[in-house]
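What follows is one structure encoded as structure tokens, with my remarks underneath.
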Amino acid sequence: MQHPVELRLHQYMEDAVNGKSTMSEETLTQVASEIVSAMKKQFDGIGSRKDFKLRMSNIGRPSCQLWFEKNHPEKALPLPTTFIMNMMIGDIVEAVFKGLLREAGVTYKDTEKVSLSIDKDTTIDGSYDLVIDDAVDDVKSASPWSYANKFASYEAVQESDPFGYVGQLAGYAKASGYRPGGWWVVNKGSGEFKYVSAANMNVDEVIEDLTDNIKNAMKPDLTRMFEPEEEKFRGKPTGNKVLNDKCKFCSYRFECWPTLQELPAVMSQAKEPKIVPYVNIKEEFMKNDN
């Protein structure tokens, strides 16, 4: 079911296509101000990016990743040169999207800082994106693949959530006292947008999981959350082990799995085989010219 606001946004954008929509100077100024603030955030104090701190935006990530961020940040893979550009795209999308909401006549509560006490010694801070009809929402920009697959539903987000989006939204909801709303997702490739509702979320259960996650991350020794998986080719095991899907975006995957090699799929007959993260690979495949 569509969010009622989606219909208002589509109507506003349809009018814009037909030359019937305007945008107030007030909204233009606000959007520009938010983009300037976002760029300052990305380019000021870049040296502090590896300073560890529990935040709403990271508490839902796997505890093993948080453990590395806390104890061995220097062992992370270097950030790509595209990193800041991607961050800026996300910030710009959020600023423009909020501007569209204003001009479409949608009433919402803007960004506000909140704090969540996990226990007597741990408080998590963060700033939610917006609140509509007493439900807290996040604005996300997504690749075409993520838009169609990861953000297909709340259950899809929950199933594969290496960036901790579910925990982030639950934290905002618990800290603010609002209902968990969902995600406004904008496709970076096509400009499509949609609302993915998190109405099925049990906030208390997610917060309980987050509490355990944080405790594991604060332990002196690393505890891996995921184990390698069997590689299969045409439904049959090859005997090789590949990285768990939930580890593929982790900046510490090579440190966590020293035998990890990212190689073209050894059984593939494609002209350009996909790259597969092998944790253990049988010697016979290492000799294969493929």
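Nothing in this text is a laboratory measurement; each read-out follows from the coordinates by a stated rule. Please read all numbers here as calculations on a predicted model, not as lab measurements. Here the Cβ is made from the backbone with ideal geometry for all residues, glycine too, and neighbour counts use every protein chain on show.
Go through 117-124, 206-213 and give me the packing order, highest mean Cβ count within 10 Å leading.
Numbers: 117-124: 12.4, 206-213: 17.1.
Going by the mean number of other Cβ atoms within 10 Å, highest first, we get 206-213, 117-124.
Which whole-Hz ³J(HN,Hα) couplings does region 114-124 yield from phi under the Karplus relation 6.51 cos²θ - 1.76 cosθ + 1.60, θ = phi - 60°, glycine and proline marked x?
Each residue of region 114-124 in turn: 9, 10, 10, 8, 7, 8, 5, 10, 10, 10, 10 Hz.
Which angle between 0 and 90 degrees, to the nearest 10, do you get for helix 25-43 versus the longest principal axis of the chain when only C-alpha atoms count?
Computed tilt is about 30 degrees.
Check cross-link reach from LYS140 to the lysines: straight Cα distance under 19 Å, and skip same-chain residues fewer than eight apart.
By straight Cα distance, LYS140 reaches LYS41, LYS98, LYS109, LYS113, LYS150, LYS188, LYS194.
Measuring from centroid to centroid over Cα atoms, what is the spacing of region 219-290 and region 94-144 in Å?
37
Of GLN11, TYR165, GLN261, which is farthest along the charge dipole of the chain in the positive direction, counting Lys and Arg as +1 and Asp and Glu as -1 at C-beta?
Of the options given, the answer is GLN261.
If we count other beta carbons within 10 Å of each Cβ, what is the order of TRP145, TRP257, TRP184, fewest first?
On the way: TRP145 10, TRP257 20, TRP184 26.
With the sparsest Cβ surroundings first, the list reads TRP145, TRP257, TRP184.
Only four residue types carry charge here, +1 at the Cβ of Lys and Arg and -1 at the Cβ of Asp and Glu. Report the dipole size of region 1-117 about the Cα centre in Debye, rounded to the nearest 20.
600
How would you rank CYS256, CYS250, going from fewest to most other Cβ atoms within 10 Å of each one's own Cβ? It would help to have the intermediate numbers written out before the result.
Values: CYS256 19, CYS250 22.
By the 10 Å Cβ count, ascending: CYS256, CYS250.
Against the longest alpha carbon principal axis of the chain, how many degrees, from 0 to 90 and to the nearest 10, is the axis of helix 203-217 turned?
Approximately 50 degrees, to the nearest 10.
Take every DSSP beta bridge whose two residues both sit in the chain, then give the antiparallel share in percent to the nearest 5. Kindly include the intermediate steps, with their values, before the conclusion.
Numbers: 26 of 35 bridges.
So the antiparallel bridges amount to about 75 percent of the total.
From the residues TYR178, TYR252, SER190, which one has its Cα farthest along the dipole of the chain in the positive direction, the dipole being from +1 and -1 charges on Cβ of Lys/Arg and Asp/Glu about the Cα centre?
Looking along the dipole axis, the top candidate is TYR252.
Round to the nearest 10 and give me the degree value, 0 to 90, for the angle of helix 4-17's Cα axis relative to the longest principal axis of the chain.
Approximately 80 degrees, to the nearest ten.
Which residue, chosen from LEU28, ASN216, VAL276, occupies the Cα position most advanced towards the positive end of the dipole of the chain, where the dipole is computed from +1 (Lys, Arg) and -1 (Asp, Glu) charges on Cβ about the Cα centre?
VAL276
For each of GLU155, GLU34, count neighbouring Cβ atoms within 10 Å of the residue's Cβ, then give the residues from fewest to most.
Numbers: GLU155 8, GLU34 19.
Arranged by neighbour count, lowest to highest, GLU155, GLU34 become GLU155, GLU34.
Within 10 Å, count the other beta carbons around each residue, average over each peptide in 2-13, 95-106, 169-180, and list them highest first.
Working: 2-13: 14.8, 95-106: 18.4, 169-180: 22.3.
Packing order, densest peptide first, comes out as 169-180, 95-106, 2-13.
Dipole size in debye (nearest 20) for region 75-212 around its Cα centre, Lys and Arg Cβ +1, Asp and Glu Cβ -1? Could the numbers behind the result be given before it?
Working: 12 positive and 22 negative charges, 108 e Å.
It comes to approximately 520 debye.
Once you charge only the Cβ atoms, +1 for Lys and Arg and -1 for Asp and Glu, what is the size of the charge dipole of the chain about its Cα centre, to the nearest 20 debye? Working shown, then result.
Working: 36 positive and 44 negative charges, 150 e Å.
Its charge dipole is roughly 720 debye.
My understanding is that a pair violates if its Cα-Cα distance is over 18 Å; which of LYS241/LYS282; LYS70/LYS174; LYS215/LYS246; LYS53/LYS215 do that in this structure?
Working: LYS241/LYS282 9 Å; LYS70/LYS174 25 Å; LYS215/LYS246 20 Å; LYS53/LYS215 14 Å.
Long pairs (Cα-Cα over 18 Å): LYS70/LYS174; LYS215/LYS246.
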